[in-house]
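Reviewing the structure listed below.
The values are calculated or read from the model by the stated rules, or taken from the named source; none is laboratory data. For clarity, every value in this text was computed on a predicted model and none was experimentally measured. So basically every Cβ, Gly included, is an ideal-geometry build from the backbone, and we count neighbours across all protein chains shown.
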């Protein structure tokens, strides 16, 4: 019988362990949340479409290098009635007429207008790519914050529930002591008031948890299930100077500003080229229904001699735009370095808060145990016990909040360095390839195999 019971106990233990393992395997990890956020982000979809539109600007600029061929056809019916001089008679003419014209225009010389246009479009693409990386960082940071906040609010709810149970026990103890005449009705009322406040705080914590769940859904596309424990934080370097050095080189905001400076310089070149003439080649063939054929081939030159100062104003505007872009680059570097410093300082604050909360918890726990023991001996009141319990609760809540803040703070430092990306976090999922669409459209395809390749890319994007 004893062996049978041992066997049953062992079987039950194995089954329980297997069940726990299965539950743990189904828990959502932080990596799962980050992957879901990347795949389900409408903000990323929106900015990817913005990038594809910028890619098409390159195609439009490239197309301006090519001839423009057009065809026009006209057909109509004409009726005319005219008076015959010195006569009461009229001359009536009517009939059908038609014509067709095939023409081609090619710009031969524009003093760099088209080249500057292509350069502007290309650097606009690069700047938009960096902006897309920054959006990716925002999406992933929101997912980290949502994941950690759900766990934090779950822990706060558990803490509040424990607080309600403990105060309920204190209320029952006060009621029992009142029944035997050891305390007054005041002690019971104090416990009742504290219990009501604890229940109110529990309801507020449950509301905060519901809000955190909504934030999680907004960030990842679904409500959280059972969340796994937080993994170790990624490495962010040893010093703030090291982190700022990385940010200066790799933050997408800085890289975007650098591209915008180059773009602004190209706009200055374009404004200067717009003051110069253009030379073009034109050819056309015209047919009429009566068999007439007209052919034309010629060169043309266009030069604006006077535009009321518009061209000069556009050039000065482009120069001012270059000054603005360079100043914006400098300010971007300042802002990025400041953000790194702020995020790094927040980590230090949260670390100090965790240490202080740990000391506060140890002291509050000792005080609570002592006050509770003294209360059983009649040396302390119910209010003393409840106050000590509240101090302990506040200390534990502070530590939970500081730990959550420090964990999120590490990812904020990573984002301020420009490294909070799917690639750097090694999430192991395929990401949007901006080069694929650009390569498919950069030569401005219309049909042919390259057009089919573009159709395949668009189909993948749609899926």
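Within region 352-373, being surrounded by 15 or more Cβ atoms within 10 Å (Cβ to Cβ) and under 23 Å from residue 236 (Cβ atoms) holds for 353, 354, 357.
Every listed requirement among (1) farther than 30 Å from residue 95 by Cβ; (2) touching a residue at least 12 places away in the same chain (Cβ under 8 Å) is met by residue 320 save one, (2). Restricting 7, 33, 15, 22 to residues that are modelled with pLDDT of 95 or more, assigned to a helix (DSSP H, G or I) and either surrounded by 14 or more Cβ atoms within 10 Å (Cβ to Cβ) or out of contact with any strand residue (DSSP E or B) (no Cβ under 8 Å at 6 or more places or on another chain) (or both) narrows the list to 33. Of everything in region 179-199 that is exposed (fewer than 13 other Cβ atoms within 10 Å of the Cβ) and outside any helix (DSSP H, G or I), the residue that is modelled with the lowest pLDDT is 182.
Checking the stated criteria, residue 281 turns out not to satisfy the condition of being surrounded by fewer than 13 Cβ atoms within 10 Å (Cβ to Cβ), touching a residue at least 12 places away in the same chain (Cβ under 8 Å) and assigned to a strand (DSSP E or B).
Taking the listed residues 221, 225, the one that is on the phi > 0 side of the Ramachandran plot and in contact with a helix residue (DSSP H, G or I) (Cβ under 8 Å, 6 or more places away or on another chain) is 221, with no other qualifying.
Residues that are touching a helix residue (DSSP H, G or I) at 6+ places or on another chain (Cβ under 7 Å), surrounded by fewer than 19 Cβ atoms within 10 Å (Cβ to Cβ) and in contact (Cβ under 8 Å) with a residue 40 or more places away in the chain do occur in region 104-112, at least one of them.
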